[in-house]
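**Q** My structure is below; once you've seen it, I'll send some questions.
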Amino acid sequence: MLEIIPLVLDTDFAEGTVNAFLAIGDTITLIDTGNPGKESFQQLKTKLHKHDVTLRDLDKIVLTHIHIDHAGGIPYIQADTDLPIFVHEQGKGWINSSIDKFEKDQQFFQDFLQSCGADPSKHIVQRHFKEENWRNVSYVKEGDTVLIGGKRFEVIHVPGHSQSDILMWNHETGDSFAGDHLIKAFSVNAFIEPPLLDGESRPKPLLQYRNSLEKVSRLPLNTIYPGHGDHFTNHKELIQTRLQEQEKRCEQILAILADNRKSIFEICQEMYPRLKGKTVFLGLSQIQGHLDLLETRQKVSFNRNGSLVEYFSL
């Protein structure tokens with residue numbers, strides 16, 4: 001038997017909390033680590049101790065993806081113990097990255113916001129380079145098997161929310177760790193990200209996310225343990241709900257573009273008027289993803305006016 005224990009940790013993000021999990025079986029495995037910072041790390045250790053577990057009792061850490069609210073504890077954990085880390089191979093370009101890579105990524109986001117008609121100084125969180133040295137990292141790919149709590153879980157690559165997203169599922173029980181791929185309480189954002197390699201086009205995350213949802217809908221999953229909120233079952237029904245929500249957003253965007261061409265920022269102001277300051281990037285990312293989808297359906301196109309991109313309906 002495998003006992004799965006949620007460790008609910010505080011986060012400054014809008015979700016309020018983020019989940020890590022203990023999987024206790026023949027071994028003890030930690031899935032995700034919470035936020036960066038000493039305070040979050042101390043909270044994680046306190047939660048572990050409540051279940052009579054220390055970091056040195058763990059056999060490994062499995063990361064569902066490398067967003068900072070899920071992977072932020074790694075440097076603090078590895079300062080205490082040299083635990084092996086399992087993460088999808090798409091994380092290679094970001095883990096222990098150089099300042100050159102960091103600056104190129106920051107320039108990508110600056111250019112993206114300008115193309116949207118937004119202000120990079122106001123509408124995105126300004127990050128600072130922090131050198132990290134993760135050790136003992138194993139990169140996994142689609143179809144690999146990882147022992148979690150001593151039980152075999154298959155790696156399902158589910159890009160969309162991020163490029164490194166994985167869902168881990170056990171064939172015998174149907175239990176799965178889904179990270180932020182699928183959450184019952186709210187629809188997740190498919191974030192715009194820079195390309196992994198120079199010269200490549202940026203990923204189109206909403207198209208990826210829809211493909212990932214379709215793939216997961218075919219799996220015989222049972223209980224899903226998500227990165228935020230409570231565990232749930234009946235994933236197929238939830239996936240259909242999420243796909244329907246995306247269709248409604250597409251209809252909203254087409255209605256906004258019915259009379260005139262608009263920038264992504266202008267569309268965002270109409271669709272998400274409550275988004276202000278740094279949170280505007282969330283709306284821009286959401287809208288760009290749906291515009292990518294509408295473009296594949298030949299419902300919209302765009303013109304460039306200098307750095308500004310303006311979309312119009314066809």
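**Q** For the condition hydroxyl-bearing (Ser, Thr, Tyr) and buried (at least 22 other Cβ atoms within 10 Å of the Cβ), what is the one hit in Ser201, Ser212?
**A** Within the list Ser201, Ser212, the selection yields Ser212.
**Q** Those residues that are farther than 27 Å from Phe112 by Cβ and either open to solvent by less than 10 Å² (accessible area, probe 1.4 Å) or in contact (Cβ under 8 Å) with a residue 60 or more places away in the chain (or both), I need them from region 233-249; list them, please.
**A** Result: His235, Ile239.
Yes/no matrix, rows are residues, columns are (1) acidic (Asp, Glu); (2) open to solvent by 10 Å² or more (accessible area, probe 1.4 Å):
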| site | (1), (2) |
| --- | --- |
| Phe112 | no, yes |
| Asp119 | yes, yes |
| Ser138 | no, yes |
| Val155 | no, no |
| Gly160 | no, no |
| Thr173 | no, yes |
| Ser176 | no, no |
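**Q** For Glu15, which of the numbered conditions (1) free of Cβ contacts under 8 Å to residues at least 40 places away in the same chain; (2) out of contact with any Ser or Thr (no Cβ under 8 Å at 6 or more places or on another chain); (3) not in a helix (DSSP H, G or I) fails to hold?
**A** Here Glu15 meets the rest and fails (1).
**Q** Report yes if some residue within region 264-281 is open to solvent by 50 Å² or more (accessible area, probe 1.4 Å), among the aliphatic types (A, V, I, L, M), under 28 Å from Ser121 (Cα atoms) and within 18 Å of the chain's Cα centre (by Cα); otherwise report no.
**A** No, region 264-281 has no match at all.
**Q** What are the residues in region 66-102 that are of a type in the set (Val, Ile, Thr), more than 22 Å from Asp10 (Cβ to Cβ) and open to solvent by less than 20 Å² (accessible area, probe 1.4 Å), if any?
**A** Hits for region 66-102 are Ile85, Val87, Ile95.
**Q** Can we say Lys130 is basic (Lys, Arg), modelled with pLDDT under 95 and either open to solvent by 10 Å² or more (accessible area, probe 1.4 Å) or closer than 27 Å to Pro75 by Cβ (or both)?
**A** On the way: basic (Lys, Arg): yes; modelled with pLDDT under 95: yes; either open to solvent by 10 Å² or more (accessible area, probe 1.4 Å) or closer than 27 Å to Pro75 by Cβ (or both): yes.
Criteria met by Lys130.
**Q** List the number of the failed condition for Asp32; all other conditions in (1) at pLDDT 95 or above; (2) at positive phi; (3) open to solvent by 40 Å² or more (accessible area, probe 1.4 Å) hold.
**A** So Asp32 meets the others, but not (3).
The values are calculated or read from the model by the stated rules, or taken from the named source; none is laboratory data. In this text, all values refer to a predicted model and were calculated from it rather than measured experimentally. Here Cβ is always computed from backbone atoms with ideal geometry, including for glycine, and neighbour counts include all displayed protein chains. The protein model used for the area step is the full one, side chains on, heavy atoms only, and it has no ligands, DNA or RNA in it. Shrake-Rupley method; radii C 1.70, N 1.55, O 1.52, S 1.80 Å.
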